[in-house]
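Undergrad: Quick one: the structure is below, and I'll ask about it shortly.
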Amino acid sequence: MTRIIEFLIALGIVAILFVIIGVCLPGERHISESIETNRKMTIVNDTVNSLRRFKDWNPLVLRDPAMKLSYSGPASGVGARMEYDSAQVGQGSWEITQSEENQRVVYALDNSQRGSDKTMTFLLEPTGKDNRNVKITQEYSVKYGFDLFGRYAGLYVSRHVGDDIKLGLGRLQTMLAGVPNIDYRDPSTTLADLGIVDLGVEDLLVVNAGNIERGNETIRQSIKDNQEWIKRVMDNNGLEAAGPVRIITTDFGAEKYAFDVAQPVRKKGATEVAADELNIKVDGTPVTYSRLPARKAAHATYVGHMAGLDVARSALRSWATTNGHELIERPYESWNGGLDKSFTQEGDYDIYWAIK
């Protein structure tokens, strides 16, 4: 009986110590880690202000490759929400509750870990020489109130959540390095109407222009000569243009430019693409015919000299990649103003890049 009493007394002392120490422990925890990137502020802001690339950098997904992710709300900004369901990690969600452009983004977290009012905040700050870089600070906050077990759990937050933040920031830094470093919202790019569009079925006549010198006159003459080949095939097959001429870029190098000249076509007098492929004869010409299926593409408009198209293409790629779209095939531009106008500052283009 005495031993039982001694045991109960010892147990009571332990319980009292547990309560006393628990009450003395912090009722909330706050941890913070930072990295620096040389990507443009626009790219960094749009990346952390959306959940579309969450799986590409957040270590939560690494714990269970079979984790199911679902999205709701807007694509970015306040209300954007991602829910996850995993046999290993459990269920939870991240939702943007505050967003100040190029300054801060706050996520509300819901998971099975102890605590309440869990938030993950991303603070963005220009830094480095001439403020060319961006400092990304990720902060985690959680409240335990009078949950003593939670307060004890808070002793390990720096190791558990903190290690995840360090790993995630490192992955985020690497991911950002793969995005073309162009500010697609800079007015000087004259890029506009960025978005995803649906493209219908198209019949296309194409000539490979080869890999030619990058001089303006050389490019202009090559396009003009290849348009003549295309026109000859159109005339011989009773076809007409179904849209502006387009240039499909293979490689825009320092000294050489490899591209195709293409022309959407249809039967003369037709109002839409034929249901079946056209029986086009291209014998004796460098022209090839192909039918493109319906597809989705990243799209933007651009106004300026054709020499600026390479930067415009990279800007479109930067926007699409930042927003979680995987680009496929080759980009192309519809030269809406025709050949001569495209070699002036009044050139008018629609840029397209197919997405997976």
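The values are calculated or read from the model by the stated rules, or taken from the named source; none is laboratory data. All of these numbers come straight from a predicted model, not from anything done at the bench. Neighbour counts run over all protein chains shown; Cβ positions are idealised from the backbone, glycine included. Heavy atoms of the whole protein, side chains included, go into the accessibility calculation; ligands, DNA and RNA do not. Shrake-Rupley method; radii C 1.70, N 1.55, O 1.52, S 1.80 Å.
Undergrad: Per 0.36 nm of contour for each residue apart, how much would the distance between Leu62 and Asp193 grow if the chain were fully extended, relative to their Cα-Cα spacing?
TA: Between Leu62 and Asp193, full extension yields 43.6 nm more.
Undergrad: Same structure again: For the stretch 218-295, give the percent of accessible area contributed by carbon and sulfur heavy atoms, probe 1.4 Å, rounded to a whole number.
TA: 47
Undergrad: Around Ala177, what is the net charge, scoring Lys/Arg as +1 and Asp/Glu as -1 over all other residues with Cβ under 15 Å from its Cβ?
TA: Taking every other residue near Ala177 into account, the sum is +4.
Undergrad: Between beta-carbons, use under 9 Å as the cut-off and find the net charge around Asn323, counting Lys and Arg +1, Asp and Glu -1.
TA: Working: positive: Arg52, Arg53; negative: Asp46.
Neighbour charge sum, excluding Asn323 itself: +1.
Undergrad: Evaluate the distance, in nm, between pseudo-label points positioned 7 Å from the Cα of Leu327 and of Thr119 along their respective Cα→Cβ axes.
TA: According to this spin-label approximation, the distance is 3.7 nm.
Undergrad: Something else now. Can you tell me the relative contact order of the stretch 34-145? Whole percent, Cα pairs under 8 Å, sequence separation 6 or more.
TA: Working: 226 pairs, mean separation 27.6, N = 112.
Relative CO of the stretch 34-145 lands at 25 percent.
Undergrad: Here are a few candidate values for Rg/Rh (Cα atoms, Kirkwood Rh): (i) 1.19; (ii) 1.05; (iii) 1.00. Which one was actually calculated from the structure I just gave you?
TA: Checked against the structure: label (i).
Undergrad: Taking the alpha-carbon centroid of each part, what is the distance from the stretch 249-277 to the stretch 50-71 in angstrom?
TA: Rounded to whole Å, the Cα centres lie 38 Å apart.
Undergrad: Distance between Cα centroids, the stretch 231-246 to the stretch 169-225: provide it in whole Å.
TA: The stretch 231-246 and the stretch 169-225 have Cα centres separated by 24 Å.
Undergrad: Here is a further query. Remind me, relative contact order of the chain in percent, using alpha carbon pairs under 8 angstrom and six or more residues apart?
TA: Across the chain, relative contact order equals 16 percent.
Undergrad: What distance in nm separates the two pseudo spin-label positions at Asn131 and Gln103, each 7 Å out from Cα along the beta-carbon direction?
TA: 1.3
Undergrad: While we're here: I need the shape label for the stretch 60-146. Rule: rounded when a/c is under 1.5, else prolate if a/b > b/c, else oblate, with a, b, c from the alpha carbon gyration tensor. Please report the intermediate quantities before stating the final value.
TA: Values: a/c = 1.92, a/b = 1.61, b/c = 1.19.
Here the stretch 60-146 falls in the prolate category.
Undergrad: Okay, next question. At q = 0.10, 0.18, 0.22 Å⁻¹, what log₁₀ I(q)/I(0) does the stretch 238-319 have when each alpha carbon counts as one equal point scatterer in the Debye sum?
TA: -0.36, -1.00, -1.21
Undergrad: Extension gain Asp283-Ile212, at 0.36 nm per residue separation less the Cα-Cα distance, in nm?
TA: Contour length minus Cα-Cα distance gives 23.1 nm.
Undergrad: Taking a virtual spin label 7 Å from the Cα of Ser290 along the C-beta vector, which residues in the stretch 322-356 bring their backbone nitrogen under 17 Å of it?
TA: 327-334, 352-356
Undergrad: Measure of size requested: the Rg and Dmax of the stretch 177-242, with Cα atoms as the atom set and Å as the unit; please supply both.
TA: Values for the stretch 177-242 (Cα only, Rg and Dmax): 17.6, 50 Å.
Undergrad: Now a separate question. Let me know the longest stretch in the chain that avoids all GluC sites (Glu not before Pro) found in a DSSP loop with at most 14 other C-beta atoms within 10 Å.
TA: 102-254
Undergrad: Going 7 Å from the Cα of Ala270 in the Cα-to-Cβ direction, what parts of the stretch 226-258 have a backbone nitrogen less than 16 Å from that spot?
TA: So the set is 233-244.
Undergrad: Moving on. According to a simple spin-label model (label point 7 Å from Cα along Cα-to-Cβ), what is the distance in nm between Asp310 and Ser32?
TA: 4.3
Undergrad: Please give the contour-minus-distance gain from Lys224 to Val78: 0.36 nm per residue of separation, less the Cα-Cα distance, rounded to one decimal in nm.
TA: Going from the current span to full extension adds 47.6 nm.
Undergrad: Once whole DSSP H runs in the chain are found, which of them have Cα atoms spread over 24 Å or more along the helix axis and a mean Kyte-Doolittle score of at least 1.0? Don't skip to the end; give the middle numbers.
TA: Values: long enough: 2-24 (33 Å, 2.51); 157-177 (29 Å, 0.12); 216-236 (30 Å, -1.48).
Helix filter hits for the chain: 2-24.
Undergrad: Excluding Ile219 itself, what net charge comes from residues whose Cβ is under 15 Å from its Cβ, given Lys and Arg +1 and Asp and Glu -1?
TA: Numbers: positive: Arg214, Arg220, Lys224, Arg246, Lys256, Lys341; negative: Glu213, Glu217, Asp225, Asp251, Glu255, Asp260, Asp310, Glu333, Asp340.
Within the 15 Å Cβ shell, the charges total -3.
Undergrad: What is the set of long-range amide H partners of Gly210 at a cut-off below 5 Å, with H atoms built 1.01 Å from backbone N?
TA: Distant-sequence amide H within range of Gly210: Phe259.
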